[in-house]
Amino acid sequence: MMNPASAHFNFQAKAREEMIHDGFQPDFPPQVMAEVNSAQAADVTAGNRRDLRALLWSSIDNDESRDFDQVEWAERLPNGNIRVLVGIADVDAVVKKGSAADRHAAANATSVYTGGPVFSMLPERLSTDLTSLGQDVDRAAVVMEFVAGKDGAVVSHDVYQAVLRNKARLAYNQVAQWLQNVAPAPLDDQVRVQNEASALLKEFRRQHGSLTLGGVESVPVIVNNEIKRFENMQSNPARDIIENFMVAANEAMARFLRDRNSLCLRRIVRTPKRWDRIQAIAAQLGTTLPKEPDSRALNEFLSQRKQADPEHFPDLSLSVLKSMGPGEYVVEHPGSEHEGHFGLAVDDYTHSTAPNRRYADLVMQRLLKASISQSPCPYSEAELSAIAAHCTERESAARHVERFMKKVAAAIMLQSQIGQIFDAIVTGVTPQGTYARLLTVPAEGRIVRGEKGLDIGNKVRVRLLSTDPNKGFIDLAAGDVTPAPV
């Protein structure tokens, strides 16, 4: 049941305050709104676009989504391979470089999701109307095309501009249910071919070291500014389709630009900063990992543990994830060496599938168009390096806002449980403090007593000492440490 304190706490105002505190501009200036109010959808007849409106495109997203960045279509080829097309909203066709909307988007660099208010990178008229790939409207798009072989390897790729029409707006749970039964014709064949291609892509990456991480993400549900509950975001085959297609589409974009000797913003995850801690966790569970970071060996260990102990696998996943460094954006210029994405086990990767929500993806559309038309690059390498650093920093700030607002929601819900004992897992050990996640309540707090000697992955019993929703504080006292997640 909702804590009565929720009714007296202005969650929306607190979220806006935290946005400003972390350097975001949560409100769109009048100049941006005037520009957006006079904007029009892109002329789909302009430019050299392929007309793909006849294909049975569909989108899969959350039930409440209105900003549709991507649509998908797939077909089985005579040789057994599967051809997949991922259409991405051509946001650059409406949001021009240097415009007021573009400058504001560049400053924030990302949309921020708090569980309550959503602080969109672009005004709603752009993200949910003029550029959104909504159902039954013709829209300009960028299409990433790839062919998955029977072993899941991508055997060819291409990227081009197109005009398309989304024929069916689908939701994750709806598609997941269809995959267990039968979808309405003619979507049934589409959904099942997409699911097969997704499974092939996922298995190929798994065999090459893509990490098997898992767990249940909990998000606060805020209705009329009141915290109703935390909702679990469970993985399912429909979410797998989108995840695996987006990974392959982003690979296709990165490879396309590399093949054309074009500048590119890369999305990389370096080798883990705390491989020694991952080794220690594995050793306590009877597995010896190589001395040097090895994604394939780590994934084999994770896969074995997921099968052996699925109940506690989310705890292990969290421990490993916390021991890895965050992703970052870097610039790749033609002929340069680059790092790949350690977690996905791919060498060529970027972000290009969410241009309504991430500024790096919008920049990538401009780099792509310049490459296709053989025009001068719209950014210098120095400008791209500054954009990459800024997007990385703003992404980190967005995670901080989102985590903080989860703590605010949890602090409100836990106020009636002060003094109770909880099982927890240590998620962070920093100079600023030691932090742990409660296992039965979606909340993370700081261990202010008994934290000495704890490290990431330790399971511990904690007592809830106090909460402060305004500061997002949940204070815990620790005891009864076990050596590792089991």
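The values are calculated or read from the model by the stated rules, or taken from the named source; none is laboratory data. Since this is a predicted model, take the numbers as computed values, not measurements. FYI the Cβ positions are ideal-geometry reconstructions off the backbone, even for glycines, and counts take in every protein chain you see. For accessibility, only protein heavy atoms count, side chains too; no ligands or nucleic acids. Shrake-Rupley method; radii C 1.70, N 1.55, O 1.52, S 1.80 Å.
Compute the Cα gyration tensor for region 73-121, then decide on rounded, prolate or oblate, letting a ≥ b ≥ c be the square roots of its eigenvalues: rounded whenever a/c is under 1.5, prolate when a/b is larger than b/c in the other cases, and oblate in all that remain.
oblate
Quick one: dipole size for the chain, taken about the Cα centre, charges +1 on Lys/Arg Cβ and -1 on Asp/Glu Cβ, in debye to the nearest 20.
So the magnitude is around 580 debye.
Would you please state the base-10 log of I(q)/I(0) at q = 0.15, 0.16, 0.19, 0.23 1/Å for region 354-475, with intensities from the Debye formula using one equal scatterer on every alpha carbon?
-0.74, -0.78, -0.96, -1.26
Consider all pairwise Cα distances in region 1-75 and report the whole-number % of them above 19 Å.
Value for region 1-75: 71 percent of Cα pairs lie more than 19 Å apart.
Output the pairs from 322/471; 96/407; 322/406; 96/406; 14/369 with a Cα-Cα distance over 29 Å in this structure; if there are none, say none.
96/407; 96/406; 14/369
Return the label of the correct value of Rg and Dmax of the Cα atoms in Å, as calculated from the structure shown, out of (1) 21.6, 68; (2) 23.1, 67; (3) 26.5, 94.
Correct label is (2).
Rounded, prolate or oblate: which fits region 1-128, taking a ≥ b ≥ c as square roots of the Cα gyration tensor eigenvalues, rounded meaning a/c under 1.5, else prolate when a/b beats b/c?
Because a/c hits 1.5 or more and a/b fails to exceed b/c, region 1-128 counts as oblate.
So for region 169-289, taking the charge dipole from beta-carbon charges (+1 Lys/Arg, -1 Asp/Glu), which of 194, 174, 219 sits furthest toward the positive end?
Ranked along the dipole, the leading option is 219.
Ignoring everything except DSSP H segments at least 4 long, calculate the 222 nm mean residue ellipticity for the chain; use -39,500 (n - 2.57) per segment, divide by total residues, nearest 500.
That comes out to -11000 deg cm²/dmol.
Please label the shape of region 162-204 as rounded, prolate or oblate, based on the square roots a ≥ b ≥ c of the eigenvalues of the alpha-carbon gyration tensor (a/c under 1.5 means rounded; beyond that, a/b larger than b/c means prolate, else oblate). Don't jump to the answer; show the numbers that get you there.
Details: a/c = 1.89, a/b = 1.14, b/c = 1.66.
The shape class here is oblate.
By how many nm would the segment from residue 34 to residue 150 lengthen if fully extended, with 0.36 nm per residue of separation less the alpha-carbon distance?
Working: separation 116, 0.36 × 116 = 41.76 nm, distance 5.11 nm.
The span from residue 34 to residue 150 would gain 36.6 nm if fully extended.
I want the local charge near residue 400. Using Cβ-Cβ distances under 9 Å, sum +1 for each Lys or Arg and -1 for each Asp or Glu among the other residues.
Every neighbour counted, the sum reads -1.
Work out the length of the dipole vector of region 19-74 about its Cα centre, built from +1 on the beta-carbon of each Lys and Arg and -1 on the beta-carbon of each Asp and Glu, and round it to the nearest 20 debye.
Result for region 19-74 is approximately 380 debye, rounded to the nearest 20.
Which FRET efficiency, nearest 0.05, do residue 308 and residue 107 yield, Cβ-Cβ r, R0 41 Å?
After rounding to 0.05, the efficiency reads 0.30.
I want to check the label-to-label distance for residue 192 and residue 236. Put each point 7 Å from Cα in the C-beta direction and report it in nm to one decimal.
1.9 nm
Between residue 20 and residue 300, what FRET efficiency comes out of the Förster formula 1/(1 + (r/R0)^6) with R0 = 35 Å and r the beta carbon distance, rounded to 0.05?
0.15
Using a cut-off of 10 Å between beta-carbons, work out the net charge of the residues near residue 32 (Lys and Arg +1, Asp and Glu -1, residue 32 not included).
Local charge sum for residue 32: -2.
Tell me, what is the percent relative contact order of region 265-416, built from C-alpha pairs under 8 Å that lie six or more residues apart? It would help to have the intermediate numbers written out before the result.
On the way: 139 pairs, mean separation 45.2, N = 152.
For region 265-416, the relative contact order is 30 percent.
If you stretched the chain out fully between residue 199 and residue 417, how much longer would it get, using 0.36 nm times the residue separation minus the C-alpha to C-alpha distance?
Once the chain is fully extended between residue 199 and residue 417, it gains 74.2 nm.
Mind putting a number on the dipole of region 123-249 about its Cα centre? Charges go on the C-beta only, +1 for Lys and Arg and -1 for Asp and Glu, and I need it in Debye to the nearest 20.
Dipole of region 123-249, to the nearest 20 debye: 120 debye.
In region 122-178, if every C-alpha pair distance is counted and binned at 10 Å from zero, what percent goes to each bin?
With a bin width of 10 Å, the distribution comes to 19, 30, 39, 12, 0.
Can you give the log10 of the normalised intensity I(q)/I(0) at q = 0.11, 0.14, 0.17, 0.20 Å⁻¹, computed with Debye over equal Cα scatterers of region 165-309?
-0.66, -0.98, -1.17, -1.24
Give, as a single signed number, the net charge of other residues whose beta carbon lies under 11 Å from the beta carbon of residue 476, with Lys and Arg counted +1 and Asp and Glu -1. Don't skip to the answer; put the middle values down first.
Values: positive: 437, 446, 449, 461, 463; negative: 444, 451, 475.
Surrounding charge for residue 476 is +2.
Might you tell me the accessible area per residue for region 339-448, computed with a 1.4 Å probe and given in Å²?
37 Å²
Which residues in region 58-76 place their backbone N less than 18 Å from a point set 7 Å from the Cα of residue 129 along the Cα-to-Cβ direction?
65-69
Run the simple label-point estimate for residue 10 and residue 396 please: 7 Å along Cα→C-beta, distance reported in nm.
The modelled label-to-label distance comes out at 3.1 nm.
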